[in-house]
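Have a look at the structure below, then the notes.
The values are calculated or read from the model by the stated rules, or taken from the named source; none is laboratory data. Nothing here was measured: the structure is a model prediction, and the numbers come from that model. Here the Cβ positions follow ideal geometry from the backbone for every residue, glycine too, while neighbour counts run over all protein chains shown.
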Amino acid sequence: MQLRANAALKALMREYFQDLGAEDPARPVAWCTSVGPAELLRAYGCRVYFPENHGALLGVTRTAGACIPHATAAGYSARICSYLSSDIGSHLRGRTPLAEAYGLAAPPRPDLLVASDNQCREVEEWFGYYARHYNAPLVVARVPKFLDRIEGHALDYLTSEMEQVAERIGRALGRALDHGRLAETLACSARATALWKEALACARHRPAPLTFFDGTVQMGPIVVLRGTAACEDYYRLLLAELRQCLDEGRGALPAERLRLYWDGMPVWGRLRALSELFASLETAVVASTYCNSWVFDAFDAAEPLRSTARAYAEIFINRSEAWKEEYLERACADFQVDGLVYHDALTCPHNSNSRFGLPERVKRRTGLPYIVLDGDLNDLRCYSDEQSVIKIETFIEQLKQ
Ligand code: SF4
């Protein structure tokens, strides 16, 4: 379904990228990982650029395939994160889809890079490449892994790490942190993330007014613009439209017979094909771990650094297997799904949850069947259209029976 909000979304993303491309020494450009402390950088007066978003753009435009070999030739294995290899390959090749989409000849030059290893160690290698290339400072937030609960000593450690990250950013920029501005930015981000959560929750209803595939488009502002009023305004607009769809009983698909959950990364180069395939099978993919990764319930303007530390540590990818099982069980019940699709992305083991028996354990808890789709986020050499279509069609056929 075409949402009216899409026009505002396009304009907002264009404005964001054009602002990044403008010369403005008073507002340095900071590169940040997608679940890194963007609010902190905005409070320091930075414009924030997200290389993972560029990675996704390389995937969606199917230009990643032409870029990856350039990174491989420079010594980056074809088996590591294909966001990393396609992004570095795009840099080496001197071509970016930002040119056609937003008129930017290249991603903006960084004054500073900030990575959080809450998601994987790859981001440090990725940002390290650019820190060397541009001779720019790199700050890395170290986050303990796979926690069940984030409290007590763990939270104290995370808070002190975030305080040090804030100090290192301040030193690199030669600026003092305005704590009032940080609290305001965080409050704004908290409101936006709550609106995004509500927008995704609209898909609990039947028929669902948006699918996972719509979500991968709609998530743009919460990834790249959280902490800005424009982001908050956008999700208010989107939510109002989705609520209107609910009132009118309008679903994202012409017919919704089955509902599925998607776990893992999108296959960016096959979003449209997969979206059309599921729609043709009257199956709505109504929820995903991925789109939900930018819901940060912990943000609290009364405790900006502590709650930032907590919010960015308690993301799904960084939790224990037991926590993930409970989370998936709850999500499947909330969204009333009939089954799950696990995407095993070859170059992202961190966001592939099918390798250590989790699908079977979730099946024991929920009784829900599942399939594992072999593929990748950006490297389409790892993805077979034929095998995926057969697997999905067979699965849905069985569910219908
Ligand atoms: S989480 Fe996966 S896709 Fe994201 S940067 Fe790390 S390895 Fe790449």
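Residue count for the range 10-41, restricted to those that are within 16 Å of the ligand (Cβ to nearest atom), more than 16 Å from residue 110 (Cβ to Cβ) and out of contact with any strand residue (DSSP E or B) (no Cβ under 7 Å at 6 or more places or on another chain): 0.
In a loop (DSSP other than H, G, I, E, B) and touching a residue at least 12 places away in the same chain (Cβ under 8 Å): does that describe residue 48? Give the derivation first.
Values: in a loop (DSSP other than H, G, I, E, B): no; touching a residue at least 12 places away in the same chain (Cβ under 8 Å): yes.
No.
Select from the range 86-103 the residues that are in contact with a Phe, Trp or Tyr (Cβ under 9 Å, 6 or more places away or on another chain), surrounded by fewer than 17 Cβ atoms within 10 Å (Cβ to Cβ) and of a type in the set (A, V, I, L, M, F, W, C) and list them in ascending order. Can you show your working first?
Initially, the range 86-103 is screened for residues in contact with a Phe, Trp or Tyr (Cβ under 9 Å, 6 or more places away or on another chain), giving 87-89, 91, 98, 101-103.
In the following step, the residues that additionally are surrounded by fewer than 17 Cβ atoms within 10 Å (Cβ to Cβ) were identified as 101, 103.
101 - this is the single residue of the range 86-103 that is in contact with a Phe, Trp or Tyr (Cβ under 9 Å, 6 or more places away or on another chain), surrounded by fewer than 17 Cβ atoms within 10 Å (Cβ to Cβ) and of a type in the set (A, V, I, L, M, F, W, C).
Only one entry of 177, 195 meets the criterion of being assigned by TED's automatic domain parsing to the domain that holds residue 286 and either in a loop (DSSP other than H, G, I, E, B) or touching an Asp or Glu at 6+ places or on another chain (Cβ under 9 Å) (or both), and that entry is 195. Looking only at the range 113-164, which residues are in a loop (DSSP other than H, G, I, E, B), within 19 Å of the chain's Cα centre (by Cα) and either charged (D, E, K, R) or closer than 15 Å to residue 88 by Cβ (or both)? Scanning the range 113-164 gives 117, 121, 145. The residues of the range 324-353 that are surrounded by 21 or more Cβ atoms within 10 Å (Cβ to Cβ) and of a type in the set (Ser, Thr, Tyr), listed by number, are 342, 347, 352.
Against the list (1) within 30 Å of residue 255 (Cα to Cα); (2) in a loop (DSSP other than H, G, I, E, B); (3) at pLDDT 95 or above, the condition residue 57 fails is (2). Within the range 357-379, the set of residues being more than 16 Å from the ligand (Cβ to nearest atom), part of a loop (DSSP other than H, G, I, E, B) and over 23 Å from residue 203 (Cα atoms) comprises just one member, 357. Only one of the numbered conditions (1) part of a loop (DSSP other than H, G, I, E, B); (2) surrounded by 20 or more Cβ atoms within 10 Å (Cβ to Cβ); (3) within 14 Å of the ligand (Cβ to nearest atom) is not met by residue 78, and that is (2). Among the residues of the range 198-215, those identified as over 15 Å from residue 10 (Cβ atoms) and part of a helix (DSSP H, G or I) are 198, 199, 200, 201, 202, 203, 204, 212, 213, 215.
Out of (1) assigned to a helix (DSSP H, G or I); (2) surrounded by fewer than 20 Cβ atoms within 10 Å (Cβ to Cβ), the odd one out for residue 41 is which? With (1) assigned to a helix (DSSP H, G or I); (2) surrounded by fewer than 20 Cβ atoms within 10 Å (Cβ to Cβ) applied to residue 41, the lone miss is (2). For residue 52, the conditions (1) within 21 Å of residue 313 (Cβ to Cβ); (2) surrounded by 24 or more Cβ atoms within 10 Å (Cβ to Cβ); (3) not aliphatic (A, V, I, L, M) all hold with the exception of (2).
Taken as a whole, the range 265-274 holds at least one residue that is touching a Cys at 6+ places or on another chain (Cβ under 8 Å) and within 16 Å of the ligand (Cβ to nearest atom).
One residue stands out among those in the range 216-270 that are within 19 Å of the chain's Cα centre (by Cα) and small (Gly, Ala, Ser): the one that is surrounded by the most Cβ atoms within 10 Å (Cβ to Cβ), which is 227.
For the range 201-215, the candidate set comprises residues that are touching a helix residue (DSSP H, G or I) at 6+ places or on another chain (Cβ under 6 Å) and surrounded by 18 or more Cβ atoms within 10 Å (Cβ to Cβ); within that set, the residue that is farthest from residue 293 (Cα to Cα) is 209. Highlighted here are the helices (runs of 4 or more DSSP H) found entirely within the range 276-340 that include at least 2 residues which are touching a helix residue (DSSP H, G or I) at 6+ places or on another chain (Cβ under 8 Å) and within 18 Å of residue 200 (Cα to Cα): 289-292, 321-334.
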